[in-house]
1. Measuring from label point to label point, each 7 Å out along Cα→Cβ, what is the LYS266 to ASP163 span in nm?
2. For the stretch 32-140, just list the percent of Cα-Cα distances falling in each 10 Å bin from zero outward, please.
3. What angle, in degrees between 0 and 90 and rounded to the nearest 10, separates the Cα long axis of helix 7-19 from the longest principal axis of the Cα atoms of the chain?
4. Go from 0 up to the bin containing the longest alpha carbon distance in the stretch 65-112, width 10 Å each, and give me the % of pairs per bin.
5. Just how far, in whole angstrom, is the stretch 204-279 from the stretch 39-84 if you go by their alpha carbon centroids?
6. Reachable aspartates and glutamates from LYS233, Cα under 19 Å, same-chain residues fewer than 8 places away excluded?
7. Mean shadow of the stretch 101-207, computed from the convex hull of its alpha carbons, in nm²?
8. Which FRET efficiency value, to the nearest 0.05, is calculated for ASP23 and ARG77 with the Förster distance at 41 angstrom and r the Cβ-Cβ distance?
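Coordinate-derived values only; no laboratory data. Values in this document were obtained by computation on a predicted structure and should not be read as measured data. No Cβ is skipped: glycine too gets one built from the backbone with ideal geometry, and neighbour counts run over all protein chains shown.
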Amino acid sequence: MKIIDTPEEMQKQARLLIQSGEDIGFVPTMGCLHEGHLSLIRIAKEYADAVVVSIFVNPAQFGPNEDLDAYPRDFERDEKLCRETGADFLFYPTPQNMYLDGHSLWLSEESLSTVLCGASRPGHFRGVCTVVAKLLNIVMPDVMVLGEKDAQQLRVLRRMVRDLNFPVKIIAAPTVREADGLAMSSRNKYLTPAERKEAVCLSRSLEKAKALFAAGERDAERIKAAMRAVIEKTSGRIDYLEIVDDETLQCVSKLENPALTALAVKFSGARLIDNAVLR
Ligand code: PAF
């Protein structure tokens, strides 16, 4: 596995791969890799000849009072995991290399980004879209693998790729969960042991929603009330808990078309998200 730390060198390498007829698979990450990320790398290997993983804690997608400085970083461990999982290239740029002095161009998706995490983290998806557009221009992949855990990010980036004609296919990978159902996330590290036990409430509330839906319930308010009741038994505070149309991400009151139920819950040191599609 080759480690590359400048956009110029990565572009040069990507051109060589393309010239030799190799398909490039790409997994963008912010590091602190867990089994969820490794599953994305494995999927990328199925679709491509050469797999590039990027590790970049993107300052532009963190708000002023968010966890940019505290975000867990462990390059040596991440490098070992990428190597063992079969990545071919690890792109590990510095913020200075990614955002040159005077950087003044930003990309905003203006519909799907305005709700859910976009509403509670203003500017977040502008940072995500900008960095992912840059990474796509640098890595030039045929295929990019993203996790369904970040459901809104997946939909916003699909829209960006569609609306700006990026020549890349996006593959969505299922959320990987701990044995008790908690979705894997680098931010689970922030939980105290007691909160870690309580954090299973996110997946439990989604299970509750799925069970009600399977039993024929189609009223969004009734499903949300049952989900809220699961969270409210814990110390977690609901940031948002919504049922939205899976295409438009607008709130629905009756579940007639595929719907996304998504929630964010704050514990003392961690804000966790999870989601499920009801169809
Ligand atoms: O999902 C993430 O880890 C990040 O949002 C991404 C896609 C790597 C962009 O910084």
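1. Distance between label points: 2.8 nm.
2. 12, 38, 37, 12, 0
3. The angle comes out near 80 degrees.
4. With a bin width of 10 Å, the distribution comes to 17, 30, 36, 16.
5. Centre-to-centre (Cα) distance: 28 Å.
6. The qualifying aspartates and glutamates are ASP180, GLU195, GLU198, GLU207, GLU221, GLU242, ASP274.
7. With every direction weighted equally, the projected area is 8.7 nm².
8. Working: r = 28 Å, r/R0 = 0.69.
After rounding, the FRET efficiency stands at 0.90.
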